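Values in this text are rule-based calculations from the coordinates and carry no lab data. Note that the structure is predicted; figures quoted are calculated from it, not measured. Please note: Cβ atoms are built from the backbone with ideal geometry, for glycine as well, and neighbour counts cover all protein chains shown.
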Amino acid sequence: MNNNPFSKLGLNETITKVTEKLYFKEPTAIQKQAIPVILQGKSLVGQSQTGSGKTHAFLLPLLNNLDEDLDRVQIVVTAPTRELAIQLFDEINSIRELANKEDSWHARLIIGGLDRERMMRQLQARTPQIIVGTPGRILDMVDANVLSIYHATSFVIDEADLMLDLKFIEKIDALLVRSQEEVQILVFSATIPKQLSHFINKFLRQPETIRIESGSTPENLEHRLIELKAGMDPEAKLRQVTELIQPYVALVFTNSKDRAEQFGKMLANEGYKVGLLHGDLSSRERMRVVRGINDLQYEYIVATDLASRGIDIKGASHVINVDLPKEGEFYIHRVGRTARAGASGTAISFYTEDDYDLLLEFENQGISFVYSDIKDKAWVGAKHFDRSKVRKKRRSDVDKQAWKMVRKPKKVKPGYKKKMKEEKERIKKQLMKKQGKQSRRGNR
């Protein structure tokens, strides 16, 4: 009797043995719900956080259903970035190897940055059963008549919300028009924004919907905050952090390519093995870094949000935000890359007075921060920021916003300044009232 929990989901013996070789003990929540649905050939919308096991939730059942005797494209997997496509392709190759199917399951990576003519020759010479790539380059190969996806039985849209952000949905649309009407469409995403819902309603007929609710961040994750006061050097503070921690792998996040370069260079000069991920890297360099990440070559990986989105970084013990993101959702994505599979993790974030509103939002969501500093290569406690400063800043910001919304008179008449001030105060009250409602909602 097979007691492997993955076999109970309906996976065949070959794929079940793969899960054992991958040391998967229990399927994650998204895997438990998605795998049986996908095995049945149904379309699906799966929403769950970064690090929840979405990739294997679709790869395992799709490869389970692959007909190795059929030499035509059966599975199309699309990703919004080359880095994510490379990682998905490597994951498929890993499963092929573990399943002893390297000669039976044929896969091809189709992304920009690779030799286009060579790619076309390879596709003409042999039709792959599985293609993984970015929407634009796959569409390019289809339009060049060297690839047909019409007979594909399954079409995956991974990191769909990022597809939307990067304006790839039109290319996905064009690919689906070139697929058979009955194709199984699998949409996986951390969030489902309104525009994405429109796309889903257009192409997916009565899909199964799976939404995995979870806490905002892992329970076994420690959140530390370090204040960067006026005139303080963030490089010096990061250097202090690196002298204190001993990471297995640490992810360092910045809000810009220039900042990523800056801190990557600084860490390299300190003698650390550093991987760099941002949008200005050449295709060859990006592929080299992603492969290095998969091979655990780096102690520190310095990245921007878009370049690192969706990439699975195994064994990350620390996340360091030298810049807090502008939106709270990105913080959740970043810190969710550590403290996985029962392991503990630490998120260390530098903050300034411009981040007060964001920190209050996090605390309202139940995230508990340890306010810290570093002295003599040891953690020391620090004070919580002054909440009264937040209220003053908010009033000042609302005051400026209200003035911008005041109608300027076309003709200057006696008393116009007084009327403008009265209108400003009226608008200000409305804005403060609206802000109060939003704040109360966030406290629920």
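Taking 7 Å steps out from each Cα toward its Cβ at Met120 and Ala29 produces label points 4.8 nm apart.
Once Lys and Arg get +1 and Asp and Glu get -1 on their Cβ, which of Ile226, Leu359, Gly264 lies farthest toward the positive end of the dipole of the chain? My answer, from the dipole projection, is Leu359. Please work out whether region 71-169 counts as rounded, prolate or oblate from its C-alpha gyration tensor, where a ≥ b ≥ c are the square roots of the eigenvalues and a/c under 1.5 means rounded, while otherwise a/b larger than b/c means prolate and anything else oblate? Because a/c hits 1.5 or more and a/b fails to exceed b/c, region 71-169 counts as oblate. Amide H contacts under 5 Å for Val252: Ile301, Val302, Ala303, Ile320, restricted to partners 5 or more places along the chain or on a different chain, H placed in the peptide plane at 1.01 Å from N. Based on the Cβ-Cβ distance of Lys375 and Arg178, what FRET efficiency does E = 1/(1 + (r/R0)^6) give at R0 = 56 Å, to the nearest 0.05? E between Lys375 and Arg178, to the nearest 0.05, is 0.35.
Here each label is just a point 7 Å from Cα along the line to Cβ, and for Thr352 and Glu20 those points are 5.6 nm apart. Each pair of Cα atoms in region 341-388 enters the Kirkwood radius, and Stokes-Einstein at 37 °C and 0.692 mPa s then converts it into a translational diffusion coefficient of 260 µm²/s. Computed from backbone phi, the HN-Hα couplings of region 122-136 come to 5, 5, 6, 6, 8, 7, x, 8, 10, 10, 10, x, 8, x, x Hz, rounded to whole numbers (Karplus: 6.51 cos²θ - 1.76 cosθ + 1.60, θ = phi - 60°; Gly and Pro given as x).
Given +1 at the Cβ of Lys and Arg, -1 at the Cβ of Asp and Glu and no other charges, the dipole of region 1-48 around its Cα centre is 40 debye to the nearest 20. Against the longest principal axis of the chain, how steep is helix 54-64, in degrees 0 to 90 to the nearest 10, with axes from Cα atoms? Approximately 10 degrees, to the nearest 10. A straight line joining the Cα centroids of region 158-215 and region 272-338 runs 25 Å. Relative contact order of the chain, taken over Cα pairs closer than 8 Å and 6 or more residues apart, is 15 percent.
Note on region 7-211: with charges restricted to the Cβ of Lys and Arg (+1) and Asp and Glu (-1), its dipole about the Cα centre is near 300 debye. Between the beta carbons of Lys421 and Lys273, assuming R0 = 51 Å, the FRET efficiency works out to 0.25 to the nearest 0.05. Scanning residues 5 or more positions from Val370 or on other chains, those with amide H under 5 Å from its amide H are His223, Arg224, Leu225, with H placed 1.01 Å from N in the peptide plane. Sparse packing (at most 14 other Cβ atoms within 10 Å of the Cβ) combined with a DSSP loop state is found for the following GluC sites (Glu not before Pro) in region 101-205: Glu102, Glu181, Glu182. Rounded to the nearest whole Hz, the Karplus-based 3J(HN,Hα) values (6.51 cos²θ - 1.76 cosθ + 1.60, θ = phi - 60°) of region 194-211 follow the sequence 4, 4, 5, 4, 4, 4, 4, 5, 6, 9, 9, 9, 6, x, 6, 10, 10, 10, with x at glycine and proline.
Oblate is the label for region 7-211, because the ratio a/c of its alpha-carbon gyration tensor axes (a ≥ b ≥ c) is 1.5 or higher and a/b is not greater than b/c.
Applying the criteria of a DSSP loop state and at most 16 other Cβ atoms within 10 Å to the GluC sites (Glu not before Pro) of region 1-95 yields Glu68. Put a plus charge on the Cβ of each Lys and Arg, a minus charge on the Cβ of each Asp and Glu, and nothing anywhere else: the dipole of the chain about its Cα centre is then about 3400 debye. Output the pairs from Lys54/Lys257; Lys229/Lys424; Lys54/Lys202; Lys383/Lys424; Lys42/Lys202 with a Cα-Cα distance over 26 Å in this structure; if there are none, say none. Correct reply: Lys54/Lys257; Lys229/Lys424; Lys383/Lys424. Across region 66-80, computed HN-Hα scalar couplings (Karplus, 6.51 cos²θ - 1.76 cosθ + 1.60, θ = phi - 60°) run 5, 9, 5, 8, 9, 8, 7, 5, 10, 10, 10, 10, 10, 9, x Hz from first to last residue, x flagging Gly and Pro. Full extension of the segment from Lys326 to Leu244, taken as 0.36 nm per residue of separation minus the current Cα-Cα distance, would add 26.8 nm.
In the chain, taking the dipole from charged Cβ atoms about the Cα centre, the farthest positive-side position among Phe199, Thr78, Asn65 is held by Phe199.
Taking the longest Cα principal axis of the chain as reference, the axis of helix 82-98 is set at about 40 degrees.
The modelled label-to-label distance for the pair Asn3/Lys101, using points 7 Å beyond Cα in the direction of Cβ, is 2.7 nm. Fully extending the segment from Glu261 to Lys429, taken as 0.36 nm per residue of separation minus the present Cα-Cα distance, adds 56.1 nm. By the Stokes-Einstein formula, at 0.890 mPa s and 25 °C, region 1-125 with its Kirkwood radius over alpha-carbon pairs has D equal to 156 µm²/s. Full extension of the chain between Gln401 and Ser344 gives 16.2 nm of extra length, using 0.36 nm per residue less the Cα-Cα distance. Within region 139-203, the chymotrypsin sites (Phe, Trp or Tyr not before Pro) that combine a DSSP coil assignment with at most 12 other C-beta atoms in a 10 angstrom radius are Tyr150.
Please say if region 121-187 is rounded, prolate or oblate, where rounded means a/c under 1.5 for a ≥ b ≥ c the square roots of the C-alpha gyration tensor eigenvalues, and otherwise the choice is prolate for a/b larger than b/c and oblate otherwise? Taking the square roots of the gyration eigenvalues as a ≥ b ≥ c, region 121-187 is prolate.
Here P(r) over Cα pairs in 20 Å bins from 0, in percent was calculated from the structure, and among (i) 24, 30, 21, 16, 8, 1, 0; (ii) 24, 55, 21, 0; (iii) 22, 49, 24, 4, 0 it sits at label (iii).
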